[in-house]
Structure formats: structure tokens, C-alpha cells
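I have placed the structure first, in the form of C-alpha cells, so that the comments after it can refer back to it.
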Amino acid sequence: MRQSNIGKTPPFLLILAMLFGCAEKGNLDYNFKTEDFEPHVIALSSDDFMGRMPFTEWEILTLDYLEAQFIELGLQPGNGDSFFQEVPMMSIISQPEEIMRIKKPGGEITLEGFRDYVLWTQRVDSEVKFEDAEIVFAGYGIVAPEYGWNDYENLDVEGKIVMVMVNDPGFGREETDLFKGNAMTYYGRWTYKFEEAARQGALGTLIIHDTEPAGYGFNVIQNGWNSAKLYLDSRGSEMYRPVFEGWVTLPVAKKLFDMAEMDAEEMLGNARSSAFQPVSLGLKASSSINVTVNYAQSKNAIALIEGKSKPDEYLIYTAHWDHLGIGKPDETGDSIYNGALDNASGVAALLALGKAFQSNPPERSIVLLMVTAEEQGLWGSAYYAKNPVFPKEKTLANINIDGINHIGKMRDVSVIGVGQSDLEDLLEDELQKLGRYSAPEPTPSAGYYYRSDHFNFAKIGIPALYFGTGIDHVEKGKEYGLERQLDFTMNHYHKPSDKFIPGEWDLDAALDEIKLYHNIGQRLANSRIWPQWKEGSEFKSVREAYMKR
């Protein structure tokens, strides 16, 4: 943990102070008020917006609201004369058969959909099915040459189902001799598992769900049962798409190992070694999925505060405007996934920042980018990264907001993905001015650096900063702060109970966090330097390949 050392200035902060020396001008003393933030959270997370699901009438309502706020604040359109960037997408409703039949010579069992597994497809046929497809256990499903790891070595998975573990082999290890230890790499993300299986030509993929290494309960997976999933429009693409993607519960996976007369704990343990060899379970699976496809446009919302002396250099703030819409009712019968913290609060913060920057524009331009379909796979930011409105060579950094502290005043903030860029040093400097400090995220095994929109900026080399609410509560300490974080993850994350409750949100703490985001942006937008990736970051070489500075 990197705590501030009052009275002593670390060498890297002295260097930072020199680099950002000209950045003290600007409106650093802007006074954020409750009315800059709270009304937007209340509106966007209200039942009137029905969970802000893309491809619905409530997307239109959300975008109309954002455009009206941009105009009222006096912001400029960010895409030519428009506040929007169209994102061509497709909505695929997968309706799996209610059972999956698993058989072996001399025996057969039936798995129950939703309870035991969740399936979907990216194919656009009216029906997809698999019959007597062989199941192969491929460990973690990772091909990582830099770690000397290949779970698919000498394995032909064409026409087969691969069953793989969630997270990566370093999970649960404090030492970093295996991948990055307990800090998840991108190889641990479920999105990577599906991508790699597709590259290998697998017929389908089943990820074994385990709550601790996944970072969330199976109920989060179940939210996708029989529901629409959004993807970028793939028409004209030659990319291979497996018949299905999906998850099985850990108890079901153990049942399959038992059926194959294999020791489940031994097999799962063996997968943590680079010497692991994939193995067929000798089981055959059959099921089907009915498919309904709709092609349409969603939209990113973009507003601009033009810089005074360097208008062609851009700092991009991001937050996703979408949430999950209408879904499975909770125990109270509520089926509206309002998404107050996730991420009406982030969008409201951007609107507050827009008001502040517009009141006294900095030297470089500020871009407020509110992206679509984050909840469906970071698609809005992925489309922007492939089709940037502002050149990546002219974009100095991305600062992403995916939730604002509403728990209470904290001494710390949690840096997501420690050791990536020197934006972390700037954050630390701003925090020390406040007598606060930055600390690594409390659950690095959850891989949050790969789970929000900044990741798509990082993938194209743009230094990206993402931090969240800390755990060191000023009045009640770390145990209380961590307890509140875990409570949200387990009981409110992606559930109808993620609501704005007047009187329960600490708005002073929220405004403190927005002020921090503002001060970091002011320092960057009034400086001469370009943030850099740190040595060892997997994104450093990407940036260096196209920057000729």
C-alpha cells in the first residue's frame, strides 16, 4: 500500500511537479455543488428510464436527456455538428433448450438450463444445435507465450466443446512467479476464454463458474438466460463464431468429472501447471438454441470543451450510459435494473465535470464520451477505439469513471491495475495534497482493469486511468469500508436493488471524488507533457509503435 508520507516528498513526485509545473493555472478551485450531480443520478436511475437498455425506447429517452444537458451546459458537439456517434450493432436473443443431455457409453444425465448452465450464441442462424459433441477439459484455456503457457498445445478442438476454468493460474498466489499472481491478467477474463476458443476453432465453450475467482455469483451469469445480448454488427466479417458460448456451475463440472471417472479436484489442480495436458472427458453433449436477430444503431454521446491554446490535443473522460434494462424479478418482484451506481453516477459525474470545465476551459480540449453497451461487452468503447473521432495520436489520456463513491469520505482510493502508467503518479500527487493516498485494488483477482471502457483505450495504446472507491473510511476504518464494498458486489451489483436512495448516499463524499477527477484533468489539460506507460505494461509497445514524438 502506498500511503502518503506527510513532510516528505518522494523523488518521483518532485519530477512530476516539474513536469506539471505550468498546470497550476486553471479553475482548480471550482466549487462542485450537490445540484451539479444529484439530479442527474436521480433522473437517469429512475423507473422512467427503465434501466437504460440499448435498442429500446429508453435508449432514446437517455440520449435525449444527455443532449439536452449538453446544450444547457453550453458544450460543443463532439462529432462534427452532432453530439452522437452511431454504433452499428446487432441484438441476438438466444433461447436455449431447457435441457442439455450428457451421455457416455452405458449412461446419460440431463442438465437443467438456468440452474446448471447458461448458453448463448453469436451466430445469426434461426437455430443452432450440437449433437453428441465431445467435451474436452482444456485447463484455463490460455495460450500465453510470454508465460510459456499453452493449454491448447497439440489439441484439435474442431467440432468439440472445451470446458475451461475461470481466472488464470496465478489466482490465489501472493507471489508473482506464476502469471501476475493474484492480480488477474487479461488471460483470466471470460471474454478472453471465448475469444481464444474461437481462434482454436472450438464448436463451443463452457467456463466453469466459481464465485471467488470469477468475482461474482452465478446469479450474475443467470441474468443472461433467454435475454438479448448486444454485439457490434458483424455482417461482412469473416471471423469464426462458435455454435455457442456459456457457463456451467462448479458442482455441475464436478459431476461431469465424476461421470468421466476422473477426480475433479486433481484435474482442477493439475490445470495450474504449465505441464498440464488437455484431456477428453469421453462425454458427449447435445442441445440447441433458437435465435432471433435484430440489426440497429446504438449511439455513443460525445461533448467537447475546446482547449484555448491546444484545441487539437484531447483528454477523454469516459462513462457508460447503459445498464441492463428489464430483467429477472428479485425477491420483491422488482424487475427494473436501475443501475444507479453502475453507472448513472458516472454519467452524472461527467455532466458535473462538463459544467466545471466549461466555466473556464483549459489549454487542451476536454472530451466527455458517454458510451453505449458497456454491460454487454464494452462495445461502445470498442467501436470508438476502432473508429476514433479524435486521433489516438492526439489523445493524451483516458480517465474512466464507472461508479462514484457514495459510501462516505475515504482516506484512500483504489487504483485498478497498479503499475500501468504514470497517470497513477499524478493521481497520487493530487491525493497527497488532500492528505489522502492511493492503494492497490482490494480484489486484484477480479481483473477490473479489463472490465470497463478504459481497457479499449489501453488496447490502442492510450494511457488510461481507472480508480474506484477506497476502503479506508475516515470515520469507521478499513474493515467497514471493505464490508460495504463486498456488500454491494454480492447483494446489489447487477441487481434491481442498485438504486439511488435519498439520505443513504453520502453526496459530500461523491463531490469530493468528482473534484479529484477534475483536478487531475486540469493538471493534464494545462500541462505540456504526454502521460506514458510504465515499463512492464503490456500496452507500452502499442503506443510507441505509432507515436513519433
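Remarks
- FRET efficiency for the N31 to E535 pair, using the beta carbon distance and R₀ = 41 Å, is estimated at 0.55.
- Taking the Cα centre of segment 56-133 as reference, the dipole from Cβ charges on Lys and Arg (+1) and Asp and Glu (-1) amounts to some 540 debye.
- DSSP finds beta bridges in segment 92-293, and of those with both partners inside it, around 65 percent are antiparallel.
- Stretching the chain fully between L486 and E127 yields a gain of 125.3 nm (0.36 nm per residue, less the alpha carbon separation).
- Listed peptides 425-432, 94-101 by packing density, highest first (mean Cβ within 10 Å): 425-432, 94-101
- Value of [θ]222 nm, deg cm²/dmol, for the chain, DSSP H segments ≥ 4, -39500 (n - 2.57) each, nearest 500: -8000 deg cm²/dmol
- For S309, net neighbour charge (Lys/Arg +1, Asp/Glu -1) across residues whose Cβ lies under 9 Å away: +2
- Between the listed residues I460, F276, G403, the Cα displaced farthest toward the positive end of the dipole of the chain, a dipole computed from Cβ unit charges relative to the Cα centre, is found at I460.
- For the chain, with +1 on Lys and Arg beta carbons and -1 on Asp and Glu, the positive-most of M100, H494, I471 along the dipole: I471
- Modelled spin-label separation between E393 and F114, with each label point placed 7 Å from Cα along the Cα-to-Cβ direction: 5.4 nm.
- In this rough spin-label picture, where each label sits 7 Å from Cα along the Cβ direction, the K104-Y546 distance is 5.0 nm.
- Sequentially through segment 168-184, phi angles give Karplus couplings (6.51, -1.76, 1.60; θ = phi - 60°) of 10, x, x, 4, x, 10, 6, 5, 9, 7, 10, 6, 10, x, 6, 7, 4 Hz, Gly and Pro residues having no value and appearing as x.
- Under a model in which nothing but the beta-carbon of Lys, Arg (+1) and Asp, Glu (-1) is charged, segment 92-293 shows a dipole of about 440 debye around its Cα centre.
- More than 28 angstrom apart: percent of Cα pairs within segment 92-293: 23
- Here is the list for segment 219-305: GluC sites (Glu not before Pro) lying in DSSP coil, each with at most 16 other C-beta atoms within 10 angstrom of its C-beta, are E238, E261.
- Each Lys and Arg contributes +1 and each Asp and Glu -1, all at the Cβ; summed about the Cα centre of the chain, the dipole is approximately 1280 debye.
- Counting only DSSP beta bridges whose two residues both lie in the chain, roughly 65 percent are antiparallel.
- Take each peptide in 311-321, 359-369, count the other Cβ atoms within 10 Å of every residue, and average; sorted highest first, the result is 311-321, 359-369.
- Leading residue at positive end of dipole, segment 98-199 (Cβ point charges), from F171, T121, A133: T121
- Whole-Å distance, taken between Cα centres, linking segment 463-508 and segment 148-184: 31
- Couplings for segment 421-426, taken from phi via the Karplus curve 6.51 cos²θ - 1.76 cosθ + 1.60 with θ = phi - 60°, read 9, 6, 4, 5, 5, 5 Hz in order; Gly and Pro are left as x.
- DSSP-loop trypsin sites (Lys or Arg not before Pro) across segment 229-265, with at most 12 other Cβ within 10 angstrom: R235
Read-outs throughout are calculated quantities, based only on the coordinates presented, and are distinct from any laboratory measurement. Here the structure is a predicted model, which is why all the values come from computation and not from measurement. A quick note on method: Cβ atoms are made from the backbone with ideal geometry, for glycine too, and the neighbour counts reach across all protein chains shown.
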